[in-house]
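Colleague: Below is the structure I would like to discuss, written out as structure tokens.
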Amino acid sequence: MSDRLRAAILPTAFALGVLALWQALVMAFHYPKVVLPAPTDIVAALIDNAGALVHQAVPTMRDTLAGFLLATVLGVGLASLLSFSRLVRDAVYPMIVLLQLVPKIAWTPLFIVWAGIGWPSRLTIATFIAFFPIFISMMAGLEATDRSLVRLSASLTATGWRTFRLVRFPASMTYLFSGLKIGATLAVIGVIVAEFISSSEGLGFLILKSAALLQTDLILAAIAVLCLLGVGFYGLVHAGEAAVRRWQGE
Amino acid sequence: MAGRMTVDVRTAARQLVPPAIGVAMLLGLWSALAASGLVKPRLLPSPNKVWQTLERSIGLLLEQATPTFLAAIAGIAAAALLGIALGIAVSASRRLMQAIYPTIVFFQLIPKVALAPVFLIWFGHGMAANVIFSIFIAFFPVLVATIAGLQATPPTYERLGESLMMPRLRIFFGVKLPFALPHIFSGLRIGVTFAVIGVVLGEFITAQAGLGYIILFSANNFETALLLAAIALLCVVGVLLFGFFLALEAVVLRVYDSR
């Protein structure tokens, strides 16, 4: 068996094995469906509630995407601005690094007080928590630019802006995309938590409502949809990275 | 000597003064905004008001911070043990790793917080459920970092150890673990913030005790000053735990360096 084939078969076999074991355990010990529904129960719930799931996935995805895009614009923008002034950078950067350490999800109720229980608060939360990894990685990328390249362009009498546009910005793309990947997962988390706390729409709302009704199969079906969206979103960022790489001719 | 000291003072000043000015400006802006009357005090109380609330309610806040703090410590401690142990076990065999690693990456990507209500169905609405959920979400970054770290040893070092006929256990502790430690600690740093998030999220949903409960309760009652005071205390909890792991990292890496 070639190594590449094995790398594809082994994980698939492992995942299928876990699912089969789960199904067998539920069937053998007759766990109540409330506690642990079998994978087949979850698939059934997925099919029965397909309409509701898609309906609730739309607002979740909308708020996540909008928050992520806004966080990208703000993060890249602020990092770029700060890269022009050492003094401002020294004043602002440590504060943002410190904020990076605190559990930001816990601030969700504060944003709901400020922005109400509608979609604006969910958008704000997604933006807020996705902003930090994007900003910090962009900042790291701009600082990691090869010094000799920067000096070379300065000695070729390039203006600060031209050096930024032609040297520093392109050089920071690898860093930026590692931040974007973290930001993409965090944006989903932010929206879901906000939907847990106060919402009448979205997958987070559906999950919490099903928990109150003890419909565990529907919770897990909603989570399956959410995983699909999350992985798809991550894949999109990954594809974006590949496109930028190709465009830069690497 | 004197010259070096002035340089030290100057670098320290350069590192401390701008951020201090930044914080002062932020607090000033916040005070001005609160005093101007543009924003309702119900939405944004002045820093002074928040400080007074913090002083007045410190007893209550500390009482509620205790379960949050303890649950987060239990969460990260168990997640660290499990994550490092499983990471070592998975790394022992190449095939095992090939089979399991993609599943781990998948779990790393999905929004695990969405599973919180399921944990509450499984483990009840007490502190135990919060701790277990906290372990669950803090575990993955530690596991992934341990696996990545154990792969970070340059192959020539391993081959050198083998050709010196070192036993596998000695290669592990003497060669592979030192290379893995910085990775493991970076995983622990992510894990510790996740552990706090897990506990607070559990408290949001069960709403019985803890700082998460206070935050949600004061948000529902528009007691924004108490809300901000509770968030400030939670930040202290987060930074304390983070600081502990930073210190542990410094100590462990120094011990390994001196050997």
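Colleague: Have a look at A:153, A:180, A:80 and report the one farthest towards the positive end of the charge dipole of chain A, computed about the Cα centre with Cβ charges (Lys/Arg +1, Asp/Glu -1).
Modeller: The Cα lying farthest towards the positive end belongs to A:153.
Colleague: Using a 10 Å cut-off on Cβ to Cβ distances, tally the other chain neighbours for every residue of B:119-125 and report the average as a whole number.
Modeller: Rounded to a whole number, the mean comes out at 2.
Colleague: What percentages, rounded to whole numbers, describe P(r) for segment B:108-253 computed over all alpha carbon pairs with 5 Å bin width beginning at zero?
Modeller: It works out to 2, 9, 14, 15, 14, 13, 10, 7, 6, 4, 3, 2, 1, 0, in whole percents.
Colleague: How high is the relative contact order of chain A? Use alpha-carbon pairs under 8 Å, at least six apart in sequence, and give a whole percent.
Modeller: Taking the mean separation of contacting Cα pairs over the length of chain A, I get 26 percent.
Colleague: Another one. Report Rg/Rh for segment A:8-161, rounded to two decimals, where Rg is the Cα radius of gyration and Rh the Kirkwood radius.
Modeller: 1.18
Colleague: Which whole-angstrom value gives the distance between the alpha carbon centres of segment A:82-161 and segment B:216-243?
Modeller: 23
Colleague: Still on this structure, I have one more. Within segment A:132-166, whose backbone N sits under 17 Å from a point 7 Å along Cα→Cβ of residue A:174?
Modeller: Label zone hits: A:137-150.
Colleague: Restrict the search to segment A:110-163; then list the trypsin sites (Lys or Arg not before Pro) that DSSP places in a loop and that have at most 12 other Cβ atoms within 10 Å of their Cβ.
Modeller: Loop-located and lightly packed - none at all.
Colleague: Right, something else. Relative to the first principal axis of the alpha-carbon coordinates of chain A, what is the inclination of helix A:50-82, with its axis defined by its Cα atoms, in degrees from 0 to 90 and to the nearest 10?
Modeller: 20
Colleague: Using only the alpha-carbon atoms, what does segment A:16-76 span along each of its principal axes? Please give whole angstrom values in decreasing order.
Modeller: 53, 26, 19
Colleague: Next up: What's the center-to-center distance, using Cα atoms, between segment A:1-65 and segment B:97-115 in Å?
Modeller: Segment A:1-65 and segment B:97-115 have Cα centres spaced 13 Å from each other.
Colleague: How high is the relative contact order of chain B? Use alpha-carbon pairs under 8 Å, at least six apart in sequence, and give a whole percent.
Modeller: Worked out over chain B, it gives 25 percent.
Colleague: For segment A:37-248, report the translational diffusion coefficient in µm²/s to the nearest whole number, using Stokes-Einstein at 4 °C, 1.567 mPa s, and a Kirkwood Rh over Cα pairs.
Modeller: For these conditions, the coefficient is 69 µm²/s.
Colleague: Among all the lysines, which ones have a C-alpha under 23 Å from residue A:104's C-alpha, if same-chain residues fewer than 8 places away are not counted?
Modeller: Reachable lysines: A:181, B:49, B:112.
Colleague: Based on the Cα atoms of the protein assembly as shown, what semi-axes does the equivalent ellipsoid have, where each is the square root of 5 times one gyration tensor eigenvalue, given in whole Å with the largest first?
Modeller: Semi-axes, largest first: 36, 34, 25 Å.
Colleague: Next up: Quick check on chain B: what are the equivalent-ellipsoid semi-axes from the Cα gyration tensor, as sqrt(5λ), descending, whole Å?
Modeller: 41, 29, 14
Colleague: State whether segment B:1-144 is rounded, prolate or oblate according to the following rule on the C-alpha gyration tensor (a ≥ b ≥ c being the square roots of its eigenvalues): a/c under 1.5 gives rounded; otherwise a/b larger than b/c gives prolate, and the remaining case gives oblate.
Modeller: Verdict is oblate for segment B:1-144.
Colleague: Quick one: Cα convex hull volume of segment B:162-247, Å³ per residue?
Modeller: Dividing the Cα hull volume of segment B:162-247 by its residues yields 101 Å³.
Colleague: Take the Cβ-Cβ distance between residue B:252 and residue B:23 as r, set R0 to 30 Å, and report the resulting FRET efficiency rounded to the nearest 0.05.
Modeller: So the FRET efficiency works out to roughly 0.40.
Laboratory data are not the source of any read-out in this text; all were calculated from the coordinates shown. Just so it is clear, the structure is predicted and the values come from calculations on it, not from any experiment. Quick reminder, even Gly has a Cβ in these numbers, built from the backbone with ideal geometry, and neighbours come from all protein chains shown.
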